[in-house]
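These notes are about the structure you will find just below.
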Amino acid sequence: MRYTRRGLLAPVAAGLVTTAMAVTTVAASGPAAGATPRATAGPTAARQAATGPAIKLMKAESTLTLRQHGKGVVYLDPNIYVAALGAPFQVDPQRSSYTRPVQAYEIVDGHRRLLPSWVMSGWNGLRDFIQLQVRNAKGKVAASRLLNYCPDTYDPARVDPAGATKSPYPQTCREQDPFPLSSVWGIARGWATDPTELGHTPNFKLSPGQYHVTESIPARYVSLLGIPAKDASATMTLNVVKGAATHLRPAASVSRPLPSLPRNVPLLSHVPASALPDLVPLPSWGITTSHVRKTHQDFLNFGATVWVGGHSPLDVEGFRKPGTSTMAAYQYYWRHGKVIGRTRAGTMFYDNEKGHHHWHFQQFARYVLLKADKKVAVRSEKVGFCIAPSDPVDLALPGATWNVPFLGLRGQCGVPAAMWVQEYMPVGWGDTYDQFKAGQAFNITHLPDGTYYIEIIANPEHLLHEVTRSNDVSLRKVIISGPAGHRQVSVPAWHGIDPEK
């Protein structure tokens, strides 16, 4: 059976696996997360009371030559970086519950201040943070665009020898599902990130010739973050030439290994509560219908995310039975950064179908479409999972990992000849799958019109030990209508979030 995982599939560049840090709240930034913040001072009050970072735009090179792609299109990454000098730049978006609004806090010298709502582009970074402008040789504006900015990147650059040794921040701000609780956006002290790197690169139609490209930070951010005018702009020279090649920075190609494990890990008859993860399925999202003409079937497609909270990562490891295509799976338990034991936890099998070619853990989740009376209408045939972090869900949790070893499929699901596989998901992260293939998506061809529920069940066979099983099921209401071949779905908002047509 096939599936496609959403999210970045590129490996992550080497960095430090770091857990969430505690901060205190200054008067200007409002009370603790979850309470209603009060504006008690101007927008820069917290920065004046603490030592914040010096934000500066820095160009990597003065002149760059790019070739046209297609019909005169140029993919423009001028290699101008946003640097944080003297201190890290960190913004924490979070909400205390799904019924409360998302708020963004800047972390300054261990304190935090509430930022205005206009800074957020959803969960995907800072809204309209960069003004990119291209002028031709006569000074006329040839292209201009406001760009959102994600401080998190797989490819941060160290720009100050006295800066932090490694960057602790996540590799992406991109949130696929609409249900995260908290995240972390940041630039380490003495580091910089590129707002237009691969994945964020804007394109323009530019004729061959010479241009001047300027990136600048808009005035309201200059005021909010106390950026000197001279540091809020950088300009470089661009030469555009004819051709079909595209000048883009290559993606990272090496994943960091997971933590090495001690030998002779004991089997536990009782697992301490302090070493247990908590598996939580989010409500389904990205819900659509599709029709397969060849078979005259209608399908309900959906996204499903199961994430890990609690006190420990989910660490499932398979050990091959010699001469077979199966592995005996064990759950490993971590406390204070060390493995303390393991228990038996089901099986893994090697999926050799097209698009897979890796080991699947069989007892991770289950998907069911329920009728209005909560009885089973259709079951998904999706039974195997390559567990890996694809989406940050709640990075404000104590012990949450910010900088994961990799994102998505690559890194831990093994090769055909593998004797051992470790499938690992840190606290605060989720694993997302799209179900859109026959067998995995729900066949709704002959279902009557009406109300249904997409049920996502984590740990369906109760083979994994976790903090509680009371939150192992999520339901998302959907309304199916329309004739065969043209079936439609509408999805009411969940706690006011994510209404889908």
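The values are calculated or read from the model by the stated rules, or taken from the named source; none is laboratory data. What you see is a predicted model, and the numbers here were worked out from it, not measured in a lab. Positions of Cβ are generated from backbone atoms using ideal geometry, with glycine treated the same way; all protein chains shown enter the neighbour counts. The area values use the complete protein model at the heavy-atom level, side chains included, leaving out ligands, DNA and RNA. Shrake-Rupley method; radii C 1.70, N 1.55, O 1.52, S 1.80 Å.
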Query raised in the report: Quick one: what pairs do we get from region 50-73, first residue within 15 Å of Thr193 (Cα to Cα), second at pLDDT below 90 and among the polar types (S, T, N, Q), C-beta under 8 Å, 6+ apart or different chains?
Result: Lys59/Asn79; Ala60/Asn79; Glu61/Asn79
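Filtering region 280-317 down to residues that are assigned to a strand (DSSP E or B) and of a type in the set (D, E, K, R), which residue is farthest from the chain's Cα centre (by Cα)?
Within region 280-317, the subset assigned to a strand (DSSP E or B) is 280-281, 285-292, 297-310, 314-317.
Right, trim to of a type in the set (D, E, K, R) and you get 298, 315, 317.
Numbers: Asp298: 30, Asp315: 19, Glu317: 24 Å.
If we take residues in region 280-317 being assigned to a strand (DSSP E or B) and of a type in the set (D, E, K, R), then Asp298 is farthest from the chain's Cα centre (by Cα).
Each row is one residue, and each column tells you yes or no for (1) crowded, with 20+ Cβ neighbours inside 10 Å; (2) at pLDDT 95 or above; (3) in contact with a helix residue (DSSP H, G or I) (Cβ under 7 Å, 6 or more places away or on another chain).
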position: Asp431; (1), (2), (3): yes, no, no
position: Phe436; (1), (2), (3): no, no, no
position: Ala441; (1), (2), (3): yes, no, no
position: Glu455; (1), (2), (3): yes, yes, no
position: Asn471; (1), (2), (3): no, yes, no
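Among the candidates Thr305, Thr288, Thr295, Thr324, which residue alone is closer than 18 Å to Phe364 by Cβ and of a type outside the set (Gly, Ala, Ser)?
Selected residue: Thr305, the only one of Thr305, Thr288, Thr295, Thr324 that is closer than 18 Å to Phe364 by Cβ and of a type outside the set (Gly, Ala, Ser).
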Query raised in the report: Since Asn124 meets every condition but one in (1) part of a strand (DSSP E or B); (2) within 21 Å of Val82 (Cα to Cα); (3) open to solvent by 40 Å² or more (accessible area, probe 1.4 Å), which condition does it not meet?
Result: (1)
Requested in this report: Answer yes or no: is there a residue in region 386-406 that is buried (at least 19 other Cβ atoms within 10 Å of the Cβ), more than 30 Å from Ser182 (Cβ to Cβ) and at pLDDT below 90.
Outcome: no
Query - Residues (over 16 Å from Ile387 (Cα atoms) and touching a residue at least 12 places away in the same chain (Cβ under 8 Å)) located in region 449-464 - result: Asp449, Gly450, Thr451, Tyr452, Tyr453, Ile454, Glu455, Glu461
Report task. Pairs only if they're at least six apart or on different chains, beta carbon under 7 angstrom, first in region 314-334 and within 19 Å of Met425 (Cβ to Cβ) and touching a residue at least 40 places away in the same chain (Cβ under 8 Å), second open to solvent by less than 10 Å² (accessible area, probe 1.4 Å) and acidic (Asp, Glu); list them, first residue then second. Result -> Val316/Glu423; Gln331/Asp315; Tyr332/Asp315; Tyr332/Glu317; Trp334/Asp315
**Report entry** Single residue of region 363-374 satisfying the filter (under 24 Å from the mean Cα position of the chain (by Cα) and open to solvent by 10 Å² or more (accessible area, probe 1.4 Å)) that is modelled with the highest pLDDT
**Finding:** Arg366
